[in-house]
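Visitor: Sharing a structure below in structure tokens format, with a few things to ask.
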Amino acid sequence: MRIAVVGAPSFTTGFRLAGIDEFREVRDENKDEDLDEAVEEVLGMEDIGIVVMHQDDLDYLSRNVREEAETSVEPVVVTLGGEGEGQLRDKIKRAIGIDLME
Amino acid sequence: MAIEDEVKPTRKDLMEIKDRIELSEQGHETLEKKRDGLIMEFMEILEESQDVRDHLESDYDAAQKKINKARALDGDVAVRGAASALAETPQITLESKNIMGVVVPQIEGSKVRKDVGERGYSLLDTSARIDEAAEAYEQLIETIIIAAEIETAMKKMLDEIEKTKRRVNALEFKLIPELKDAQEFIELRLEEMEREEIFRLKKIKEKKEQEEKQEKQEQRDAEEESRLSDEASAATSSD
């Protein structure tokens, strides 16, 4: 299985340097329109095991896609930068009943 | 509640409900143990995850700094050129591990770290800064793989904890109380029926006794009458 990277060209270049060949480049100005499609596409690919994104890019996604990205297990979406624990934190609160991430 | 409509007040139903209560209570206990076990396991993973998150952030910052430096000093074109020359792609393999019935993945990466010579770009045309940036990103990918494994495990375990918790609560607050209500209803109903039966028997007995009494009375009356008529006839014959 492979790793995919979704984000602005400046975000993906470094990963390409490390050898990752599956990436979707969406320029900052097009993120509102094109990011949804790019994320849905990589989430639907069968040989992708991990999707790397920038945490701030999640804000550009529509509600459904964002939820899919945050809850997807295969592939799992790993976010870099920013807080990155929002969804998981909510989930822990709901499942266990206390906020364990304080 | 419409327990009265669902259960019939018979001894057979009462036995069935008692069996179901026993089974539900056993299930409740088992599920409760499972939930507690899962939460314990989750706590362990949570600690690990916080460490990995910290690493991830620091690795990302370091990698970004290095690539920015390379970009600033060697130019964007050189960095992009080196990036597109890469031949080997990192691969990951998924294996699964079972934690208390939850299948969590174990992800292993291969070909993540490469030697300078394996990276595909010409060493003569690129600078050491690009090598450093590539190395930093390789390190970052390694951390991402560990983070992916832990975060998937956490998501799956949280789902399972939620599911188990819902089951425990459904048994504890819905099914078992309903079954107990049904049991109580049948028991009360059976007791009432028993009392009614005793009352009915008493009534029948009373009625029977009364009838016997009446019969005896009638018999006595009849005997009396026949005696009187016998005496009367005897008197007339003696005359």
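Visitor: What is the angle, in °, between the Cα long axis of helix B:176-238 and the longest principal axis of the Cα atoms in chain B? Nearest 10 is fine, range 0 to 90.
Guide: Value to nearest ten degrees: 10.
Visitor: With no solvent and one equal point scatterer placed on each C-alpha of chain A, evaluate the Debye formula and give log10 I(q)/I(0) for q = 0.13, 0.19, 0.22, 0.25 Å⁻¹, two decimals.
Guide: For chain A at q = 0.13, 0.19, 0.22, 0.25 Å⁻¹, log10 I(q)/I(0) is -0.46, -0.92, -1.16, -1.40.
Visitor: Let me ask something additional. Which lysines have a Cα less than 25 Å from the Cα of B:Lys34, not counting those fewer than 8 places away in the same chain?
Guide: Partners found: A:Lys91, A:Lys93, B:Lys18, B:Lys97, B:Lys155, B:Lys156, B:Lys163, B:Lys165, B:Lys174, B:Lys180.
Visitor: Kirkwood Rh and Cα-based Rg: tell me the resulting Rg over Rh for the range B:1-112, rounded to two decimals.
Guide: So for the range B:1-112, dividing Rg by the Kirkwood Rh gives 1.39.
Visitor: A further question on this structure: Run the 1.4 Å probe and let me know the accessible area of B:Asp51, rounded to the nearest 10 Å².
Guide: In the full protein context, B:Asp51 sits at about 90 Å².
Visitor: To continue, here is another question. Kindly provide the helix-only [θ] at 222 nm of chain B, computed as the sum of -39,500 (n - 2.57) over DSSP H runs of four or more divided by all residues, to the nearest 500 deg cm²/dmol?
Guide: Taking each H run of at least 4 residues, the total per residue is -28000 deg cm²/dmol.
Visitor: Would you compute the Debye intensity of the range B:1-54 from its alpha-carbon atoms alone, equal scatterers and no solvent, and pass along log10 I(q)/I(0) at q = 0.13, 0.18, 0.21 Å⁻¹ to two decimals?
Guide: For the range B:1-54, the Cα-only Debye profile gives -0.57, -0.73, -0.83.
Visitor: Quick check: the angle from helix B:128-170's long axis to the longest principal axis of chain B, C-alpha only, nearest 10 degrees?
Guide: 0
Visitor: Suppose all protein chains stay in the model; what accessible area per residue would a 1.4 Å probe give for the range A:2-96, in Å²?
Guide: 43
Visitor: Work out how far the C-alpha atoms of chain B reach from end to end along every principal axis, then list the three figures in whole Å, largest first.
Guide: 169, 26, 25
Visitor: Also, quick follow-up: Kindly provide the Kirkwood hydrodynamic radius of the protein assembly as shown in Å, to one decimal, from all pairs of distinct alpha carbon atoms. It would help to have the intermediate numbers written out before the result.
Guide: Values: mean 1/r = 0.0381 Å⁻¹.
For the protein assembly as shown, inverting the mean 1/r across all distinct Cα pairs yields 26.2 Å.
Visitor: Sequence neighbours fewer than 8 away in the same chain don't count; with that in mind, list the lysines whose C-alpha is under 30 Å from B:Lys66.
Guide: Output for B:Lys66: A:Lys31, B:Lys111, B:Lys114.
Visitor: Of B:Leu94, B:Leu201, B:Leu31, which has the largest mean-square fluctuation in a 10 Å C-alpha GNM of chain B?
Guide: With Cα springs under 10 Å in chain B, the top fluctuation among B:Leu94, B:Leu201, B:Leu31 is at B:Leu201.
Visitor: Using only the Cα atoms of the range B:75-115, what semi-axes does the equivalent ellipsoid have when each is the square root of 5 times a gyration tensor eigenvalue? Give whole Å, largest first.
Guide: For the range B:75-115, the semi-axes come out at 36, 10, 7 Å.
The values are calculated or read from the model by the stated rules, or taken from the named source; none is laboratory data. Every value quoted in this text rests on a predicted model; they were computed, and no experiment measured them. Just so you know, the surface numbers come from the protein's heavy atoms only, side chains and all, with ligands and any DNA or RNA stripped out. Shrake-Rupley method; radii C 1.70, N 1.55, O 1.52, S 1.80 Å.
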